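Notes to accompany the following structure.
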Amino acid sequence: MRPTFHMLTTQLSKTWKLSCSDPSQANLPLQPPLLYDSEMRLQSDQVYIVHATQEISTQADEVQGIFVCCCETGIHEQNSIAPGTIVIQSAISVATVLNRVQAIFVMYQQWVDTLRQIVSDGNRSLQELLDVSSPVLGHLLTVSDENIHILASSNEGQRVSDDHSILGVFSDDNTLDGLKMAIRRVSGNRYAFDPQHARHIGSSSELHYIHITDGQIHLGILSMQPVGQPLQEHDVQLLELLSDYVKTMLLRPSQTGGKFFGNVLQSLLDGLPVPEEHLQRLTEALDTQPGDQFRCIVIQLPQQSLTNLSRYIRNRFQMEIPASIAIVHDQQIVGLINDTRFARKDRDFYDWVHRWLLNMDCLAGASDSFAALVSVKDYFAEAKAVIHFVNPEVSRVRTFADCWQEYVLHHCVGELPPSLLFPPGLVRLLDYDEQSAVDYVETLHIWLEEGRNDSRTASRLFISRNSFLSRKERLVSLLGSDLSDVDERFRVELCLRLLK
């Protein structure tokens, strides 16, 4: 991958203030930089680094090659900058400029090398592809499926939430005619979209998107939304290059695709016996190494959305983390992921699930991690039970580790009012507390938290030890017990948690 004139000037402008004049072939891939020498035979696709004191003998309209001048003197003797010239508006050493230009060439080549590595590795995700590309292109990149559901989105090398993508410009009040006016065909399967025509959002700033197809099959859309400055032609060139790699990712067969693996997971969820060789094949498809852990995720969808969203969510699982499988089971989406492979990507589990469920009316529960696939049925039940305790205003996903206490308290009460479990002494204490200036329930709570240590309890209550001993005497009298018995103490502690 060799940068063009515009790519070079864009990257240099991030470091220095420039003046430049386009060559006749601005989109020509360039050769790595050389220090200019007057004896050189100039080539039109070669980059030359010029010192301020050097002069180029050719006339401005005859200059061959791309010249990077370290300041305005020397090459800038005429009133206008010669075509194919980049002038750095400060006294920078030739070595510094040469190193920077070389670094730009290396950056583009490393980018393409990394793209190749990602698409050739069956366990790298589409999100990773965009994360390594967005810093190079300098704009927000998004890939959506054929139903305009977002599969991955990145800006400055970081995942961004779905609502920051350009798809957010579409609203219910958009008319079909308005959207048609906002779109213009650039060439082939490449289009430009102007949000100002679709919705009044300020100044016009076109985005570009590419329909990714395989013959007559529409695979998805790769879009680039400008950030900071409008899109240039070289941005679109890089987008087209990236689209080939995105297409490869979208066409890449899932390691856990097909009916075989779906049937194996279905049998595990139903508690049916599964042949050892079938388990081994699923284990290998999930890229399992010794010591790896798994996690079960259950996504609850509104009944009317199950058909429309199930395919998208299952596809999203595969795009986010290839070492996974998802099926529809018991009117829910059930996913099984290699949690160790996922964790090595250094992404927060909650953000991952919450972010792409945020704009859908659905909730998710996740089990604790586990090592044996034969235990999937139990952890599926665990993940399914968690959904009852999800608060969508806080997060659309919770793990069992987060809410095991709520789960235990909920099930220990059953259909009974919690107060029926309170011992008589605690009932007396609650009644007395309503008329007392001292909060005896809080005193009891702190005393138990401090292991019934009088000095530490007094310190937390900000009273003297003698004052606490007097208060404790009243407390024990109301309870009818000093709670030295383990079973009595457990019951009171449990009831205090139910009280909260």
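The values are calculated or read from the model by the stated rules, or taken from the named source; none is laboratory data. Bear in mind that the values here come from a model prediction, so they are computed numbers and not experimental data. Backbone-built Cβ (ideal geometry, glycine too); neighbour counts: all protein chains shown. Keep in mind that these areas ignore ligands, DNA and RNA; they rest on the heavy atoms of the full protein, side chains included. Shrake-Rupley method; radii C 1.70, N 1.55, O 1.52, S 1.80 Å.
The table that follows gives values for the structure above.
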{"item": "From phi via Karplus (6.51, -1.76, 1.60), per-residue ³J(HN,Hα) for region 450-456 in Hz, x at Gly/Pro", "result": "8, x, 6, 8, 5, 5, 5"}
{"item": "Ellipsoid equivalent to region 219-375 - semi-axes via the Cα gyration tensor, in Å", "result": "32, 19, 16"}
{"item": "For region 270-339: relative contact order, % (alpha-carbon pairs under 8 angstrom, 6 or more apart)", "result": "39"}
{"item": "Dipole magnitude (debye, nearest 20) for region 404-450, charges at Cβ of Lys, Arg, Asp, Glu", "result": "200"}
{"item": "Built amide H within the under 5 Å cut-off of Tyr48, gap 5+", "result": "Leu34, Ile66, Phe67, Val68"}
{"item": "Efficiency of FRET from Cβ geometry, Asp113 and Leu421, R₀ 51 Å, rounded to 0.05", "result": "0.20"}
{"item": "Rounded to the nearest 10 Å², the accessible area of Asp292 at probe 1.4 Å", "result": "10"}
{"item": "Extreme residue, positive dipole direction of region 280-330, given options Ser310, Thr288, Ile321 (C-beta unit charges)", "result": "Ser310"}
{"item": "Unit charges on C-beta of K, R, D, E only; dipole of region 356-500, Debye", "result": "240"}
{"item": "Solvent exposure ordering (accessible area, 1.4 Å, most first) of Thr10, Thr307, Thr85, Thr248", "result": "Thr307, Thr248, Thr10, Thr85"}
{"item": "Net charge, Thr213 excluded, C-beta distance under 11 Å - Lys, Arg +1, Asp, Glu -1", "result": "-1"}
{"item": "Region 355-500: projected area of the alpha-carbon convex hull, averaged over directions, in nm²", "result": "12.7"}
{"item": "Simple Cβ-charge dipole of region 263-348, Lys/Arg +1 and Asp/Glu -1, about Cα centre, in debye nearest 20", "result": "360"}
{"item": "Violating pairs (Cα-Cα greater than 27 angstrom) within the set Lys384/Lys500; Lys247/Lys384; Lys259/Lys377", "result": "Lys247/Lys384"}
{"item": "Contour minus Cα-Cα distance for Ser459 and Asn123 (0.36 nm per residue)", "result": "115.5 nm"}
